Amino acid sequence: MPEQQNTEYKQSWHDDYLKWIAGFANSQGGTIYIGIDDQGNITGIPGYKKLMEDLPNKIRDVLGIMAEVNLHETGGLYYLEIVTPPYAVPISLRGVYYTRSGSTKQELRGNALIEFLLRKTGKTWDDVIEPSATISDLDANAIDFFLKSAERSGRLPITEGLALPEFLEKLRLSEGGKLKRAAIILFGKDPGKYYPSMPVKMGRFGISDEDLKFQEVAEGNLISLLQEVPDMLNKKFFTKAVSFEGLLRIEKGEYPAAALREILLNALVHRDYMGSPVQIRLYDNRFTSWNEGLLPQGLSLDSLKRQHPSRPRNPLIADVCFKGGYIDAWGRGTLKIWQSCKEAALPEPEIAEMDGGILVTLFKDRLNEAILKKMGLNGRQLKAIAFIAVNGSVSNSSYQQLTGVSKATATRDLAELVEHFKLLERSAASGAGTSYKFIGS
């Protein structure tokens, strides 16, 4: 059995593996097997009796936690199972904190460490009081715009007649008359005064990062960015405008509308506000968005492709955006990205953890050879795609002539392009008149 998110295989014990145990304790718990190789084959471990005695004490003395150490035997080979439960308090190894992200161990530093320690105390970054901020730091126009959006969504409890301090208390954006960070992010007149990474950077490139054509920066609170960023993309970056209306609704445009909506919302709402600014890049053949902050504990890149729970990094900010009708609370956003690209017959989008953040890429060119190869098209099918790009369609007989294969092979290849890869559609005509063309062309 291969290694999984909460499982590690090691052929022998090294004290360095205490880092893995600390990482398990700081996340969802996990198990290390000693005497099993990376493929899950039992190799056995010498000196298992001494390890059985030493490991529980070492884990307790060095990490201050208890782990269950069990001995197993299969076919005369002995191996150890070290089971670490999750701990509600932060666990360090000689002052250094580790956690588990997917199937990897990560050392927590900087903002990630601050977020981790806050979470272990029952707080999140956006729930912390900003001591020097006052109500005069808030933008009344942003609040009014939010209230109108929330009225349309029907998700906000009645706030009519409430004074501003009471309104903020109702949204849990203040405590004891003091504003929380979430209030400044959402409605601040100048949130950059407190959090310099608030701006969103946008750049228009050619094919590569070396070919920067122009750039823009959007600044302001989150409510204003939800309006300004789409407007700026429309006016200066997209070749075909998208009807955003403040991200509340999006119609079909240059890229799949629903995908753009979710990408922008995720980047603006779920980012780490103490890291770098959001960076949006438009190339000739793709759209990318990067925001600081890795996936929350318990979520993996694979889980984004299926139904998964919503675990917002900034729950107060996310809750206000939910009440304003911008996002839902069901973790469906990434599913909409994949589905909308599939419906548009575009290559599957990519979501990756990169440089301490999340990079999302939409591909505009379904004919990009590198992408098609990655999808699994064979050389014959690649030739057919290039042929259709020039001639508009291909028939079974022309496919045979182009690739030198039999009719049966051509039929199988074309059926795969229609049914599996969903790149082509079959004409209504039957027999020799049957042709294949790009979906929607």
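The values are calculated or read from the model by the stated rules, or taken from the named source; none is laboratory data. Everything quoted here is computed from the prediction, not taken from an experiment. Cβ: placed from backbone, ideal geometry, glycine included. Neighbour counts: every protein chain shown. Surface areas here come from the heavy atoms of the whole protein model, side chains and all, with no ligands, DNA or RNA. Shrake-Rupley method; radii C 1.70, N 1.55, O 1.52, S 1.80 Å.
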> Can you tell me which residues in segment 182-207 are without any contact (Cβ under 8 Å) to a residue 60 or more places away in the chain and open to solvent by 10 Å² or more (accessible area, probe 1.4 Å)?
Replying inline: Lys189, Asp190, Gly192, Lys193, Pro196
>> Please count how many residues of segment 416-441 are surrounded by fewer than 17 Cβ atoms within 10 Å (Cβ to Cβ), aliphatic (A, V, I, L, M) and touching a residue at least 24 places away in the same chain (Cβ under 8 Å).
In response: 2
> So, in segment 288-304, of the ones that are out of contact with any Ser or Thr (no Cβ under 7 Å at 6 or more places or on another chain) and not in a loop (DSSP other than H, G, I, E, B), which residue ends up surrounded by the fewest Cβ atoms within 10 Å (Cβ to Cβ)?
Replying inline: Asp302
>> Please go through segment 92-115 and give me each residue that is in a loop (DSSP other than H, G, I, E, B), within 26 Å of Ile36 (Cα to Cα) and open to solvent by less than 40 Å² (accessible area, probe 1.4 Å), ordered by number.
In response: Gly102
> Taking Thr43, is it among the hydroxyl-bearing types (Ser, Thr, Tyr), closer than 17 Å to Pro86 by Cα and touching a residue at least 24 places away in the same chain (Cβ under 8 Å)?
Replying inline: no
>> Quick test of your reading of the structure: Ile184 fulfils all but one of (1) within 23 Å of the chain's Cα centre (by Cα); (2) at pLDDT 95 or above. Name the failing condition by number.
In response: (1)
>> under 27 Å from the mean Cα position of the chain (by Cα) and either at pLDDT 90 or above or acidic (Asp, Glu) (or both): is that true of Asn41 in this structure?
In response: no
>> Anything in segment 394-415 that is open to solvent by 60 Å² or more (accessible area, probe 1.4 Å), among the small types (Gly, Ala, Ser) and assigned to a helix (DSSP H, G or I)? List them, or say none.
In response: Ser397, Ala408
>> Scan segment 52-63 and tell me whether some residue there is free of Cβ contacts under 8 Å to residues at least 60 places away in the same chain and either outside any helix (DSSP H, G or I) or touching a Phe, Trp or Tyr at 6+ places or on another chain (Cβ under 7 Å) (or both).
In response: no
> Could you give every pair whose Cβ atoms fall below 6 Å, whose first residue belongs to segment 131-160 and is surrounded by 10 or more Cβ atoms within 10 Å (Cβ to Cβ), and whose second residue is among the charged types (D, E, K, R), counting only separations of at least 6 or pairs across chains?
Replying inline: Asp137/Lys189; Asp139/Lys189; Ala150/Lys323; Arg155/Lys323; Leu156/Lys323
> Within segment 126-146, is even one residue of a type in the set (A, V, I, L, M, F, W, C), more than 19 Å from Tyr326 (Cα to Cα) and modelled with pLDDT under 90?
Replying inline: no
> If you check Ile337 against the conditions, is it touching a His at 6+ places or on another chain (Cβ under 9 Å), at pLDDT 85 or above and under 30 Å from Val269 (Cβ atoms)?
Replying inline: no
>> I need the full set of residues from segment 256-314 which are modelled with pLDDT under 90, in contact with a helix residue (DSSP H, G or I) (Cβ under 6 Å, 6 or more places away or on another chain) and among the aliphatic types (A, V, I, L, M), in order please.
In response: Ala258, Ala259, Met274, Leu304
> All but one of (1) farther than 30 Å from Ser276 by Cα; (2) touching a residue at least 40 places away in the same chain (Cβ under 8 Å); (3) crowded, with 19+ Cβ neighbours inside 10 Å hold for Met375; which doesn't?
Replying inline: (3)
> Would segment 14-33 turn up any residue that is outside any helix (DSSP H, G or I), over 28 Å from Gln297 (Cα atoms) and either open to solvent by less than 30 Å² (accessible area, probe 1.4 Å) or in contact (Cβ under 8 Å) with a residue 12 or more places away in the chain (or both)?
Replying inline: no
